1. Just to confirm, what accessible area per residue do you get for segment 57-136 at 1.4 Å probe, in whole Å²?
2. Among rounded, prolate and oblate, which fits segment 28-145 when a ≥ b ≥ c are the square roots of the eigenvalues of its C-alpha gyration tensor, a/c under 1.5 means rounded, and a/b larger than b/c means prolate?
3. At residue 163 and residue 137, where each label point lies 7 Å from the Cα along Cα→Cβ, what is the point-to-point distance in nanometres?
4. So which of 193/214; 54/193; 88/214; 117/214; 88/117 end up more than 26 Å apart by C-alpha?
5. For the peptides 200-207, 92-99, what is the packing order when you average, over each peptide's residues, the other Cβ atoms within 10 Å and list the highest mean first?
6. Rounded to the nearest 0.05, what FRET efficiency do residue 67 and residue 180 have when you use their Cβ-Cβ distance and R0 = 30 Å?
7. Under the Karplus relation 6.51 cos²θ - 1.76 cosθ + 1.60, θ = phi - 60°, what is the ordered set of whole-Hz ³J(HN,Hα) values for segment 62-78, x standing for Gly and Pro?
8. In whole Å, what three semi-axes, largest first, describe the equivalent ellipsoid of segment 130-185 built from its Cα gyration tensor (square root of 5 times each eigenvalue)?
Amino acid sequence: MGDTSSDWYWPSLVLSSIIGGVTSLLNHSLLLLFLSISLLLTYEYDNCTLKLTKAFGRSANEDDIEDIRGYHASLTDLVEHVCALISKHVAAGYVSSFLIVYFCLYSIINDEKSSGKIGIAAAALYISILHLIALTYIGVRLHEAAHRPLKLLLDMTGENMPDRVIGLVTLFANKLSQRQIGISALGLMTITKDTILTIIGTLLTYVFIVIQFKPDSTVGFQCNGNATTA
């Protein structure tokens, strides 16, 4: 960008920081609530896995599998209710954080003169990345805890058990393998481990694009020198 566009760098940076800060403050209480509820649900899912492990160790019967399956289904219904209430705030948190990260990365890469601007942009970048990490980590942990019993269920299908128990285990395993249990952003995506790779790939792609299109002053000097020589 030329010298004329550098005049709105500082106002734009301040404005984006204010908007991002207000958005973060509005979503901060909901994020803490989301953290508390998801940690509680993760703990309950871990208890469900522990009960399934104990049942598997003592040759599970029909009542044990049915109780564990009902317990897991109740937790999944609760996750869906929580997701319905908070999915729009999760989406807003992702969008606002990404916008701030993009703008700050652009400012840091293209502004090499003002250390103050770079410092403010780096601080806003740090806060936004922490916000992304917190949202993603909470969602991934809940998703992993909800699907952890699947491996045990697949191991149990190969054991010598009554047909009724095998049928319940197979039904339980099919429901777990066919559903994405976790927190979603407006139903567009469920936060899983793949979300981490998507975020990293998106940020790296943006950085490479900004670096490639970075204005290089030496090119202008070289063109002026060639014109003078001609």
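The values are calculated or read from the model by the stated rules, or taken from the named source; none is laboratory data. Every value quoted in this text rests on a predicted model; they were computed, and no experiment measured them. No Cβ is skipped: glycine too gets one built from the backbone with ideal geometry, and neighbour counts run over all protein chains shown. Only protein heavy atoms, including side chains, enter the accessible area calculation; ligands, DNA and RNA are left aside. Shrake-Rupley method; radii C 1.70, N 1.55, O 1.52, S 1.80 Å.
1. On the way: 4040 Å² over 80 residues.
Ligands and nucleic acids excluded, the figure is 50 Å² per residue.
2. Details: a/c = 4.74, a/b = 3.08, b/c = 1.54.
Here segment 28-145 falls in the prolate category.
3. Result: 5.0 nm between the two label points.
4. Working: 193/214 32 Å; 54/193 28 Å; 88/214 35 Å; 117/214 17 Å; 88/117 32 Å.
Over 26 Å Cα-Cα: 193/214; 54/193; 88/214; 88/117.
5. Values: 200-207: 12.5, 92-99: 19.0.
Packing order, densest peptide first, comes out as 92-99, 200-207.
6. Details: r = 24 Å, r/R0 = 0.81.
Approximately 0.80, to the nearest 0.05.
7. Coupling constants for segment 62-78: 5, 5, 4, 5, 5, 5, 5, 5, x, 5, 5, 5, 5, 5, 5, 4, 5 Hz.
8. Working: eigenvalues 197, 21, 6 Å².
For segment 130-185, the semi-axes come out at 31, 10, 5 Å.
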